[in-house]
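Notes follow the structure.
The values are calculated or read from the model by the stated rules, or taken from the named source; none is laboratory data. Remember, it's a predicted structure, so these values are computed and weren't measured experimentally. Glycine gets a Cβ as well: all are built from the backbone with ideal geometry, and neighbour counts include every protein chain shown.
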Amino acid sequence: MNYKQILKKIKKYNDIVIARHIGADPDALGSTIGLKDIIKENFPNKNVYVVGNSSSRFRYLGIMDKLPEDTSNAVLIVTDTPDKKRVDGVNVDRFSYKIKIDHHPFIEEFCDIEWIDDTASSASQMIIEFALKCNLKIPKEAAEKLYVGVVGDTERFLHSYTTTKTFDLVSTLIKKTNIDFTSLYSRMYLRSLTDIRFNGFLASNLIVTENKLAYIKLDEKTLKEYNVDPSTAGNLINNFYNIDEILVIAFCSEDAGNNYIKCSIRSSGPIINEVASKFNGGGHALASGAKPKSFEEVDELLKQLDEECRKYIQNGG
Ligand code: AMP
């Protein structure tokens, strides 16, 4: 990647809008807000806006800005988002110039510069790489957010897309900025007792098929009983890795307000994003999401995931 090309555009435009995908997570927020902090540190006179729906769960990473009314002379930088329809809070077509910085498998081209690295652990890792390659000053607050983004997407350096490059970049980031990185975990991994009780319910009620697909379907009534919102189950799915009897796991929570069932899916072998993409979803090969419209569609999604597990086992997986 020619990092200088991106830097040139940042230098050229006075108004810079930074966006990410809907359903914000630590990497989406860390990469956007971290990038804003870096641009402000190096180019204090620029107007930089981070946009998208705010998330109370991750408020500690920063708050969203109001999108300026006229963006026709602004540059848009989209991080962590492979396709136009998942960009949160902006009309992509209303910008003078667009830059994508993403680590998802390629879906579509919608920007003038597209820096896609699907071997990168996270979009936050790519922002660290960009800042270091361009010799930009990285303020402490940016380093903390980017660190949280990398840790969030790698699940504490657990997943296979954690590489020596990840460690090299993170190590340089810590050395340069001297952040107290272990102190960030207590806020990042703070849980409520409600979540812990709900986690117990999920563990006790998971259904596991003979092909090692585990799933749970959560209707609005159950979510209300446990006083949790539809995204809570999705956030808890990362507690269910490395279970001997499970190859693929799916948590499917009714989101009555939005008329879909929010499904979070994780795999320890079978590729799941192709199935997810048939149900208004997508994501990474082993970590995906989908939004089927009804529980009948959820059943079809689960049937296809089960089939992926069956084929995986049959092929010696
Ligand atoms: P989640 O289960 O929400 O943490 O999402 C896991 C991964 O799948 C992330 O990379 C998301 O960006 C992606 N993802 C989640 N939901 C969708 C969706 N409806 N469409 C496309 N990608 C999704």
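Summed over segment 60-83, the residues that are more than 15 Å from the chain's Cα centre (by Cα), farther than 19 Å from ASN2 by Cα and not in a loop (DSSP other than H, G, I, E, B) give a count of 1.
Put simply, of SER231, SER253 the only residue that is under 29 Å from ALA143 (Cβ atoms), in contact with a Gly (Cβ under 9 Å, 6 or more places away or on another chain) and either of a type outside the set (S, T, N, Q) or crowded, with 16+ Cβ neighbours inside 10 Å (or both) is SER231. The combined condition, being under 25 Å from PRO26 (Cβ atoms) and either modelled with pLDDT of 95 or more or in contact with a His (Cβ under 9 Å, 6 or more places away or on another chain) (or both), is fulfilled by GLY283. In this structure, does PHE198 turn out to be over 30 Å from ASP93 (Cα atoms) and surrounded by fewer than 21 Cβ atoms within 10 Å (Cβ to Cβ)? Answer is no for this residue.
Every residue, every condition in (1) more than 18 Å from ILE18 (Cβ to Cβ); (2) within 14 Å of the chain's Cα centre (by Cα); (3) modelled with pLDDT under 95, yes or no:
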site: ASP102; (1), (2), (3): no, yes, no
site: GLU109; (1), (2), (3): yes, no, no
site: ALA120; (1), (2), (3): no, yes, no
site: ALA131; (1), (2), (3): no, no, no
site: LEU136; (1), (2), (3): no, no, no
site: GLY152; (1), (2), (3): no, yes, no
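Residues of segment 164-195 that are surrounded by 11 or more Cβ atoms within 10 Å (Cβ to Cβ), outside any helix (DSSP H, G or I) and of a type outside the set (D, E, K, R): ILE179, SER192.
All conditions but one from (1) within 14 Å of the ligand (Cβ to nearest atom); (2) of a type outside the set (Lys, Arg); (3) touching a residue at least 40 places away in the same chain (Cβ under 8 Å); (4) in a loop (DSSP other than H, G, I, E, B) apply to PRO270; the one that does not is (1). One residue alone among GLY289, GLY317 is surrounded by 19 or more Cβ atoms within 10 Å (Cβ to Cβ) and either among the acidic types (Asp, Glu) or in contact (Cβ under 8 Å) with a residue 60 or more places away in the chain (or both), and that residue is GLY289.
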